[in-house]
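The values are calculated or read from the model by the stated rules, or taken from the named source; none is laboratory data. Since the structure is predicted, the reported quantities are computational estimates derived from the model, not experimental observations. Methodologically, a virtual Cβ is constructed for each residue, glycine included, from the backbone with ideal geometry; neighbour enumeration extends over all protein chains shown. The area values use the complete protein model at the heavy-atom level, side chains included, leaving out ligands, DNA and RNA. Shrake-Rupley method; radii C 1.70, N 1.55, O 1.52, S 1.80 Å.
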Amino acid sequence: MAVETVKKTHLWMSWQYEQEEDWVNAMSAQGLHLRRGGVVRSTFERDASARYTYRLDYQPGLGKGEKLASYLELYRDAGWEHAGSFSGVWFYFRRPWQPGESPRLYTDRDSLVAHYKRIRGVMAVMLPINAMLLCVNGVNLLPRAGHLWGIVIPVLAIYAAIFALLGIGIAKMNRKIKEIES
């Protein structure tokens, strides 16, 4: 019997990972279980006989060697099944769903703050990198100033959106960190 796969389209920013967890958990309650996660599209397998609690973790720099194996073993020992990863930095874990239970990957303040700081750190690095790219691309766009609406304005609009999204993400992570620390 073939397993039915279902693709769902969505858009999650890194600071919205908790909403993504809620969404994936709602899919599991409907009998759809994560097979492959993504920023815009996720793939699920249909199985009405099971239900899971899913959690996401952001862990850059694990690579594919011993660090990754140790990391996955740590969660396996804590009762979590590795359900997949996205871009080698977002890891999806699951465990069988239990009524009234809401297990978390991070159960103490310090590790949760460190988690939020990792997410914020990537956005904080991407902001100046994109500012430098804007400068480089701006120099290349100067000779095309006569084509303002053809190329210059769309490129500037893209950079404005990138800066806005990164700024929003940094602000949201700062707010979460401040809430936990106070």
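Candidates GLY88, MET27, ALA124 compared by Cα position along the dipole of the chain: farthest toward the positive end lies ALA124, with charges placed on Cβ.
Each residue of the range 80-85 is assigned a 3J(HN,Hα), and the resulting list reads 9, 9, 6, 9, x, 8 Hz, derived from the Karplus form 6.51 cos²θ - 1.76 cosθ + 1.60 (θ = phi - 60°), x at Gly and Pro. The angle between the Cα long axis of helix 153-181 and the longest principal axis of the Cα atoms of the chain comes to about 40 degrees, rounded to the nearest 10. Considering only LEU165, VAL155, CYS135, the residue lying farthest towards the positive end of the dipole of the range 33-182 is VAL155, judged by Cα position with unit charges set on Cβ. When only Cα pairs below 8 angstrom with a gap of at least 6 residues are kept, the range 66-165 shows a relative contact order of 13 percent. For the chain, the relative contact order works out to 19 percent when only alpha carbon pairs closer than 8 Å and six or more residues apart are counted.
In the range 18-101, Cα pairs under 8 Å separated by at least six residues give a relative contact order of 29 percent.
Charge dipole of the chain (Cα centre as origin; +1 on each Lys and Arg Cβ, -1 on each Asp and Glu Cβ, all else neutral): 420 debye, rounded to the nearest 20. Between GLU66 and LEU127, what is the FRET efficiency for a Förster distance of 35 Å, r being their Cβ-Cβ separation, to the nearest 0.05? Efficiency for this residue pair is about 0.60. Taking Cβ atoms as reference points and 13 Å as the exclusive limit, the residues near VAL125 contribute a net charge of +3, counting Lys and Arg as +1 and Asp and Glu as -1. Return the FRET efficiency for the residue pair ASP77, ASP110: r is the Cβ-Cβ distance, R0 is 35 Å, and the value is rounded to the nearest 0.05. Using R0 = 35 Å, I get an efficiency of 0.95. Here, the chain has an Rg and a Dmax of 19.9, 63 Å when only alpha carbons are counted. Between VAL40 and LEU156, residue separation times 0.36 nm minus the direct Cα-Cα distance comes to 39.4 nm. Taking every pair of alpha-carbon atoms in the range 5-101, give the share separated by more than 23 Å as a whole percent. The calculated P(r) of the range 5-101 puts 23 percent of pairs beyond 23 Å. Between ASN140 and MET13, the FRET efficiency from the beta-carbon distance, with R0 = 41 Å, is close to 0.90.
For the range 28-68, with all protein chains in place and a probe radius of 1.4 Å, 45% of the accessible heavy-atom surface sits on carbon or sulfur.
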